[in-house]
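Structure first, commentary second.
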Amino acid sequence: MGDVRGSLSIIGKELKLQFYTFSIVLLALAVIYFIIGFYVEPTESFKPLLSGPIYGILGFLSFFLYGDPFKSAVQLGSTRKQYIFSLWLSYFIFIVCLLAVHEIVSYLLELTANIANSNVTLMRVGDFLQHNNRFDNMWIDILSVIFIAGVCFFIGAIMYRVGIIPTLIGLFLIGVIVFVWYVLGDFTPLFKWIYHHIYEMFHILGAIGILLALLIYPILINVKLKF
């Protein structure tokens, strides 16, 4: 059990159930949106966000992979290094699979909606781009979920290392600093740059997500198990 495969097996069991659950949720939402589309006037725009549950689970689940899976893997012989590498690999595969299901469901929903005259057009994060296509939408989704997952993994690692209360206090202080900076500072140049470089901004967010995900290694490599 003391190898990467053991950690992958433990993490995989946690992620497999979530994958099936949220695949079903996506299908259910697609059916609901399809039905609602029949009651929308042709001149109106019904643009729901199907990827919302994906962003939620990718962030929410990150906090729970430091609990029982981490403890079980180490107790059964895996090292912390093996668990961390297994976590990175498993979650990357999880992201790819979930986004693949999302693309398939989105395509089928829009195809059947066009055939059956259901007035539904899915909203995508890539809609922030002035000129986007299906590849742009897929790529922006990947960058977005990498950012969300990286942030949540980093916060979860700190929370596991120092505790919930100190982490929340730290986040509160950061929030206060950002708020004061926003009130007293001039964010107009930043907002203008983001508006004119929105595609580059998503790449920066993706890079930040990768960096934060990598930073869990020094945080967890010598952490004590919590029972």
Can you give the net charge of the other residues whose Cβ lies under 15 Å from the Cβ of L98, counting K and R as +1 and D and E as -1? -2
Heavy-atom SASA rank of F34, F92 (probe 1.4 Å, accessible area, largest first): F92, F34
Rolling a 1.4 angstrom probe over the protein heavy atoms, how many square angstrom per residue are accessible across the chain? 58
Accessible surface of M123 - all protein chains present, 1.4 Å probe, nearest 10 Å²: 80
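What does the net charge come to around F202 if you take all other residues with beta carbon closer than 14 Å to its beta carbon, with K and R at +1 and D and E at -1? Intermediate results must be reported in sequence, preceding the final value.
On the way: positive: R124; negative: D127, D136, D141, E200.
Result for the neighbourhood of F202: -3.
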Quote the accessible area belonging to W139 in square angstrom, nearest 10, computed with a 1.4 Å probe and with ligands, DNA and RNA left uncounted. 80
Using the alpha-carbon atoms, what tilt in degrees (0 to 90, nearest 10) does helix 4-37 show relative to the longest principal axis of the chain? 20
Within 10 Å, count the other beta carbons around each residue, average over each peptide in 168-176, 79-87, and list them highest first. 79-87, 168-176
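Tally up the carbon and sulfur contribution to the accessible surface of the chain as a whole percent, 1.4 Å probe, everything protein left in place. Could the numbers behind the result be given before it?
On the way: 9580 of 13200 Å².
It is 73 percent, rounded to a whole number.
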Among [x] 18.8, 57; [y] 20.3, 62; [z] 18.3, 63, which is the computed Rg and Dmax of the Cα atoms in Å? [y]
Kindly sort C152, C97 by accessible area of their heavy atoms, largest first, with the probe set to 1.4 Å. C97, C152
Report, in degrees rounded to the nearest 10, the 0 to 90 angle that the Cα long axis of helix 80-116 makes with the longest principal axis of the chain. 10
Dipole magnitude of region 59-208, debye to nearest 20 (Cβ charges: Lys/Arg +1, Asp/Glu -1, about Cα centre): 540
Helix 198-214: inclination vs the chain longest Cα principal axis, degrees, rounded to 10, gives 20
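From largest accessible area down, sort K13, K192; use a 1.4 Å probe on the protein chains.
Highest to lowest solvent-accessible surface, that is K13, K192.
The values are calculated or read from the model by the stated rules, or taken from the named source; none is laboratory data. Being a predicted model, the structure only gives us computed values, none of them experimental. We place every Cβ from the backbone using ideal geometry, glycine too, and count neighbours over all the protein chains shown. Side chains are part of the model used for accessible areas, which takes the heavy atoms of the whole protein and leaves out ligands, DNA and RNA. Shrake-Rupley method; radii C 1.70, N 1.55, O 1.52, S 1.80 Å.
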